[in-house]
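Here the structure comes first, spelled out in structure tokens, and everything after it is commentary.
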Amino acid sequence: MEQLAARMALADRLQVELSRLLVRLNDYLLTGAVRQRDPFDQSITEIDKLLNDLNHSGAGAQWNAIAHEIKERVVRLEAISAEVLFVERRVGDPNVARLMNDVNRLSNEIIDMAFRFHRLAVSDMAVHERTAAEKSAQVNHLLIGLLVVAPVFLVVFYMLLARWVTKPLLALHRGVRDLSAGRAAQVTIQARDEIGEVGQAFNDLAAHLSASQEQVQRYTHQLEALYTASRALSKEGSRDLLYRTLTELAQTLTESRYAVLLLFNEEVQVVRVVESGNSPFGSRSETWVADVVAAFPPGPRPLRLDGADHPRLRGLGCDPPLTTLLAVPIFTEANLTAQLLVMGAAHGAFTSSDEDLVVTIARDAAQSLKVIRLHEETERLATIDRLTGFVNRWAFEARLEEEFLKAGRHSRPFALVFSDLDHLKELNDRFGHAMGDAAIRRFCDAIRASIRTTDIVGRYGGDEILVLMPETSLEDALTVAERILRRVAALPLVVEEKTIPLTASLGVAAY
């Protein structure tokens, strides 16, 4: 029984270390940081030691076979971690999805194999139970013989046996049945002999198994939560939805009462507030944001506070008083920073696991924000003409079509100015296309200075520039066109110490 208990202790430690390995591997895969490799390598070394101990514990061929299979899959996990170093682009890379699928599959296989150790222990425990039952049967036969010779002695002996042997064995038997059914229940054995030692060993084994199961479930829940959060953040296509999703995930995953995301400009002024949950500042004035910023300015590291008597929490004056707070800094834009505050933990105080969870989803949100910025920049470059800075022909035609539909639906006027720079071909032939481009840019400067900010300007082709003016009559559009002509005439080109006047031809139409 001692050897069995020792093997079960090794199996429990192996299960805990495998769970820790999977968590560290997930951190390593999510971050890709080389510094995350050291804890992962430490887990690999500890698992190798535990597997070697199991192989030399006299556990038998089945135990050694399972240990060998776990070893093979751990080696494959280690190989996957090395592959991450060669992934150049983490966002959108199919190799990352392939690696995560391999990690999930190997993780499930390793956890299943670790639980096979416990099933083998139950089988070994059943063997010991049968042996004990056989011994009990022999004792009963002896009692029958003694019953014929000395009934009084038999009664006394039976009472002692029922108290010190039969009841503990039955209790141990019930405990084994509960253990085989997946319930790590404790047994009550008051004897101080070998049966009492067996009962104590069984209780220790059940306690280890229960703790291991709880830890595995906790780590599994965290991994599932991180995976779900990562997928949710990666699907958001706008800043508003991303900020809202991040705040809601932080409040939900930490089981907290309230979460708020504060965005700061370069002067550390709050420019955006995103909330989730029940605010503890409901009865306060609008100055609560300033109070929070004063108590918790954005810093470089996460911060965890616990206790209603903490001066920084007491100074907020929440009703009921705020007892727990977790602050995580997030860098979002080139000229903006953000801080995520999670308040009111439902399970007592915020733990390091809660902090790691919020930091991880904040890091995922920052990566998703980079993707959104790249997408917006790509869309902008696809619709803007590089020479003039105005929208290109296709984007302008789309806006013109929208204005037609809006004007027809609401019976509102709009005007269109079609302009063309005069003698551009002669300028290109005589002085080169670089000078022709300079003339076009100067022409665009005159147009830009003559229109409203709500007007839409597009380059239709070459030196043809169109101006779309919503809510504009024909008379007003003619006034704008004449103003453009005057400003073009006031911006001549100087080429080779020669002044070349610029003129343009404009046409105006109105709806």
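The stretch between ARG116 and LEU303, if pulled fully straight at 0.36 nm per residue, gains 63.2 nm over its current Cα-Cα span. Note on ASP38: accessible area is roughly 90 Å² with a 1.4 Å probe, heavy atoms of protein only. Model label sites at ARG430 and SER123, defined 7 Å from Cα along the beta-carbon direction, differ in position by 9.9 nm.
Between ALA366 and GLN42, full extension at 0.36 nm per residue minus the direct alpha carbon distance yields a gain of 113.7 nm. Taking 7 Å steps out from each Cα toward its Cβ at SER136 and HIS375 produces label points 6.7 nm apart. Relative to the current alpha-carbon distance between THR479 and GLU255, full extension at 0.36 nm per residue lengthens the span by 74.3 nm. Taken over the stretch 402-511, the ratio of Cα radius of gyration to 2.2 N^0.38 Å equals 1.17.
The values are calculated or read from the model by the stated rules, or taken from the named source; none is laboratory data. In this text the structure is predicted, and so the values were computed from the model without any measurement. A quick note on method: Cβ atoms are made from the backbone with ideal geometry, for glycine too, and the neighbour counts reach across all protein chains shown. Just so you know, the surface numbers come from the protein's heavy atoms only, side chains and all, with ligands and any DNA or RNA stripped out. Shrake-Rupley method; radii C 1.70, N 1.55, O 1.52, S 1.80 Å.
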